[in-house]
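The values are calculated or read from the model by the stated rules, or taken from the named source; none is laboratory data. Not measured: the values here are computed from a predicted model. A quick note on method: Cβ atoms are made from the backbone with ideal geometry, for glycine too, and the neighbour counts reach across all protein chains shown. Accessible surface areas use protein heavy atoms only, side chains included; no ligands, DNA or RNA. Shrake-Rupley method; radii C 1.70, N 1.55, O 1.52, S 1.80 Å.
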Amino acid sequence: MAKRLMFEKPLGMRDTLPFFYNQKSKAREQLKSSILSYGFSFMDTPFLEYHETVGKVSATKEQRLFKLLDQQGHTLVLRPDMTAPIARVAASQLKDAEYPLRLAYDGPVFRAQQAEGGKPAQFEQVGTELIGDHSSHGDAEVIALLVESLKRSGLTDFVITIGHIGYVKAFFKDLLGNDESTKELLLEHLYRKNYVGYREEVKAQTLTDDKKNALLALLDLRGGEEVFAKSKSLARNQVCMQAVNELKQLYKLLSNYGVESHVKFDFNLISHMNYYTGILFEGYAPNLGALLCNGGRYDTLLPSFKLNASATGFAIHLERLVEAINDEENGETRLGVIVDDDTHIKGVQKAKELRQQGYPVLLQHVDQIPDIQEFKNQLKEHIDFTAKGGQNDE
């Protein structure tokens, strides 16, 4: 048993090997550069938070929280997302700051896995929170920044799907009244994008044909700006109409930013983050079997920390972004200086000179290289001061 455990990791945890680490670092810096260009300020929060505060207001289910006790007997959690901790900071240490606040973050979050399914229990998020702006201009800014950040990272083929949680909930309220169990079943099917299950559930309900047809027609409200007319004709109340108007205004603003080509609309979009109150969005890329990024407006989270402010933001799953970019180039930047006993001092001087110029330099004695050709293949360039090598690639 001991030997087997020696090389195993806890469920959902994984090692980041040098190549993938370098790719993550490159993507992270490009994302951060883009976010900083919009005037956002980066901050960080502790890995550990109190369950009574951040743990309870987080949208993460209880069974997916990593919990532990401190020496005083308080229940702590490893932060399951970054939005709730930043909301805590905004409502305490930054409550007197000038609004709107533009905050950004980069760090790991932790969500426990119940079974081995390839899903990570620890992953890195890069994202933003725009706090104190309750307008469509705020929503447009974060979505435009998301698009530009993904493009700057090297991703060209992706789509941001935008919906409005208010439309769906008001639509269901009108058709299903107080039947909460049916609402939850239908919302769960939409969240999992199980449209076959959704249709079967609707057909099984004891509703009029008119109501069933309306519920089924909801699935057709996906596409470009042409869905606005359909969604208005299907709207059952003023809340639905207001949601459509907000999305139309958002589209106009996104067009001003010039990012509309990456945008689609989906009026049955549902998120597992239960604190979203209005516009919400998700990002997808081809050949990536999971969500790339997500975000939206959350106007009730900050009041739970006794701060009367609205907010909107996004989070990018960094590891998935790297997979989506699929940069197969080695990306190696190291230079090599190969020496023997007679040329060691010459090699040290050359390595120092190159490092002062900003190059990462690997100085290696030839006697400690098992395979000289394989060693050279791992470098961008090399200088061989040994008698056999001469001074290659100088």
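Ranked by the mean number of other Cβ atoms within 10 Å of their residues, highest first, the peptides 221-233, 203-215 fall in the order 221-233, 203-215.
Label-to-label distance, Asn308 versus Lys24, with points set 7 angstrom from Cα along the beta-carbon direction: 4.3 nm. On the basis of the beta-carbon distance and an R0 of 45 Å, Arg199 and Gln349 show a calculated FRET efficiency of 0.05. Charging the Cβ of each Asp and Glu at -1 and of each Lys and Arg at +1, and nothing else, the dipole of the chain about its Cα centre rounds to 1020 debye. Set the Cα radius of gyration of the chain against 2.2 N^0.38 Å, with N its number of residues, and you get 1.22.
For region 158-296, the relative contact order is 45 percent, taking Cα pairs closer than 8 Å that sit 6 or more residues apart in sequence and dividing their mean separation by the residue count.
Which residue, Tyr167, Thr333, Gln368, has the largest displacement toward the positive end of the dipole of the chain when charges sit on each Cβ (Lys, Arg +1; Asp, Glu -1)? Checked the options; the winner is Tyr167. Out of Phe7, Cys240, Val322, whose Cα points farthest toward the positive end of the dipole of the chain (charges: +1 Lys, Arg; -1 Asp, Glu; placed on Cβ)? Ranked along the dipole, the leading option is Cys240.
Rounded to the nearest 5, the antiparallel percentage of DSSP beta bridges internal to the chain is 75%.
Solvent-accessible area assigned to carbon and sulfur over region 61-170 amounts to 49 percent, based on a 1.4 Å probe.
Annotation: Lys252 carries an accessible surface of approximately 130 Å², with a 1.4 Å probe and no ligand, DNA or RNA atoms counted.
Here the simple spin-label model places points 7 Å from the Cα toward Cβ, and for Ala97 and Gln63 these points are separated by 3.7 nm.
Taking the 0 to 90 degree range and rounding to the nearest ten, how far is the long axis of helix 344-356 tilted relative to the main principal axis of the chain, both from C-alpha atoms? For 344-356 against the chain, the angle is about 30 degrees. Computed with a 1.4 Å probe over protein heavy atoms only, the accessible surface of the chain comes to 51 Å² per residue. Note on Phe47 and Ser33: the extension gain reaches 2.6 nm, defined as 0.36 nm multiplied by sequence separation minus the Cα-Cα distance. Modelled spin labels at Asn326 and Leu219, positioned 7 Å past Cα toward Cβ, are 2.9 nm from each other. Here region 63-124 is treated with +1 on each Lys and Arg Cβ and -1 on each Asp and Glu Cβ, and its dipole about the Cα centre works out to around 200 debye. If I fit a long axis through the Cα atoms of helix 195-204 and take the longest principal axis of the Cα atoms of the chain, what angle between them do I get, 0 to 90°, rounded to 10? Rounded to the nearest ten degrees, it is 20.
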